[in-house]
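Have a look at the structure below before the remarks.
The values are calculated or read from the model by the stated rules, or taken from the named source; none is laboratory data. Here the structure is a predicted model, which is why all the values come from computation and not from measurement. Because the Cβ atoms are built from the backbone with ideal geometry, glycine has one as well, and the counts that use them run over all protein chains shown. Ligands, DNA and RNA are stripped out before the accessible areas are found, and what is left, the full protein with its side chains, is counted by its heavy atoms. Shrake-Rupley method; radii C 1.70, N 1.55, O 1.52, S 1.80 Å.
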Amino acid sequence: MQPMKKLLNCFIMSFFVAHYAFAELGQGLELVSVSTLAKGFVGAQGIAVDSKGRVFIADTAQHHLKIVHADGLVQHATGGGFGYKDGFIFNAKFNAPQDLIVDSHDNLWVADTGNRCLRHIDLSTEIVSTLLSQDAGFVDDEMPLKMDPSSRARLYNPTALAYDAKNDAIFIADSGNGKSYIRRIKLGYLYTFQTISGGIIGNKDGQGNEVAYRYPQALAIQDNNLIIADSSNHLLRSMNLNAPYEVSTITLSAEATENPFLNWGFNNGSSAVARFASPQGIAADEYGNIFVADTFNHCIRRIAKDGMVTTLAGNEEAGFIDGLGPVAKFTAPTALAYKNGKLYVLDSFDGALRVITRFSVRAAVKKLQARFPQKFAVHQAMSRQ
């Protein structure tokens with residue numbers, strides 16, 4: 001009976017290996033599965049989740065903001081269509097919004113890219129207001145809570161946002177006219193608007209204006225660092241949140257070059273040698289993991305706290321398949337948001353909001369045991385021999 005016991009053991013382990021992605025996501029070995037929550041967002045670029053679990057989507061191509069509820073119901077948050085208009089949210093107008101965030105006060109902030117400004121939505125009153133003028137520029141200033149026409153502060157092409165809850169501040173990736181900057185707004189009675197790093201397009205670490213980015217498309221806060229998806233350099237960068245805001249390269253740090261085409265690729269392992277292809281979405285969890293929408297590798301990657309890079313879901317082959325770990329397929333995912341153990345993925349090309357959930361090996365074994373009780377009964381009987 002010993003050969004039969006080994007055979008059954010192999011069957012059970014093969015079941016896991018063939019159908020599940022294994023990922024050490026915080027507390028022990030866990031399994032990952034991908035499902036579709038809602039569709040209808042082709043060309044969308046940004047997602048955020050509020051304290052009620054509602055998912056807000058910046059539907060860039062349609063110039064709308066949409067809400068997806070936990071049951072998959074899709075609601076139009078804005079109904080004004082293309083343009084520029086403040087006021088009640090359903091009448092408000094936007095122009096190609098690319099990103100949004102929810103702060104700790106349940107305010108929604110929108111990078112209204114086509115209007116070159118930052119919009120503020122009080123989710124309790126559903127009133128939309130403009131924080132920064134539509135006039136393009138890279139200008140810092142201080143301003144009161146509501147937009148002050150006398151303020152000189154300007155954005156050029158805001159593409160990504162992140163909220164620093166500890167310091168009640170918003171970070172903005174702002175690019176255009178051959179320059180890429182990371183800018184910061186300290187919230188309070190006065191909003192202090194400050195450019196903290198960046199300048200001429202390129203690839204260089206350091207501090208202040210000696211730092212060079214190439215059109216970053218996503219930002220996320222992890223511990224005391226701002227994680228930057230330096231998309232056109234195909235790199236992940238990190239900025240310390242304390243002045244002087246030191247910037248370093250996380251991925252491909254051993255080999256990154258000024259030529260972005262030489263940085264492009266796909267490789268797991270140590271972050272020093274890991275390669276990505278135009279990463280356009282990032283999120284972080286409470287365990288120190290960084291999740292990356294590796295857009296043109298059509299998959300979701302994970303950078304663990306120890307710096308090891310693995311593929312969480314999908315592979316280098318484009319497609320649209322729900323399922324477990326490597327079985328799942330994406331096509332050019334563009335945005336991520338993490339909330340309460342769920343990783344939300346904006347699969348923009350397919351216009352779908354996907355959800356990656358995780359559960360423990362022990363829980364999975366119980367599920368298998370319930371599904372295949374006879375096989376497990378045989379296995380237990382043979383284990384006692």
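For residues that are of a type in the set (S, T, N, Q), in contact (Cβ under 8 Å) with a residue 24 or more places away in the chain, more than 13 Å from TYR213 (Cα to Cα) and open to solvent by 20 Å² or more (accessible area, probe 1.4 Å), tally how many sit in region 246-266. Counting residues in region 246-266 that are of a type in the set (S, T, N, Q), in contact (Cβ under 8 Å) with a residue 24 or more places away in the chain, more than 13 Å from TYR213 (Cα to Cα) and open to solvent by 20 Å² or more (accessible area, probe 1.4 Å) gives 0. Of the residues making up region 47-79, just one is in contact with a helix residue (DSSP H, G or I) (Cβ under 7 Å, 6 or more places away or on another chain) and either crowded, with 22+ Cβ neighbours inside 10 Å or in a strand (DSSP E or B) (or both), namely THR78. Among the numbered criteria (1) open to solvent by 70 Å² or more (accessible area, probe 1.4 Å); (2) part of a strand (DSSP E or B), which one does ALA243 miss? Going through (1) open to solvent by 70 Å² or more (accessible area, probe 1.4 Å); (2) part of a strand (DSSP E or B) one by one, ALA243 breaks only (2). Checking the stated criteria, ILE200 turns out not to satisfy the condition of being open to solvent by less than 10 Å² (accessible area, probe 1.4 Å), farther than 24 Å from CYS299 by Cβ and of a type in the set (A, V, I, L, M, F, W, C).
Taking first residues from region 89-103 that are closer than 15 Å to SER129 by Cβ and partners that are aromatic (Phe, Trp, Tyr) and open to solvent by 20 Å² or more (accessible area, probe 1.4 Å), the Cβ contacts under 6 Å between residues at least 6 apart in sequence or on separate chains come to LYS93/TYR84; ASP103/TYR163.
Against the criterion of being part of a strand (DSSP E or B), within 22 Å of PHE330 (Cβ to Cβ) and open to solvent by less than 50 Å² (accessible area, probe 1.4 Å), ALA44 does not qualify. Looking only at residues of region 309-352 that are within 21 Å of TYR287 (Cβ to Cβ) and polar (S, T, N, Q), we find that the one that is most open to solvent (accessible area, probe 1.4 Å) is ASN340.
Within region 218-240, the set of residues being open to solvent by 50 Å² or more (accessible area, probe 1.4 Å) and either touching a Phe, Trp or Tyr at 6+ places or on another chain (Cβ under 8 Å) or not charged (D, E, K, R) (or both) comprises just one member, ASN240.
No other residue among ASN225, ASN177 is without any contact (Cβ under 8 Å) to a residue 40 or more places away in the chain, over 13 Å from LEU155 (Cβ atoms) and of a type in the set (S, T, N, Q) apart from ASN225.
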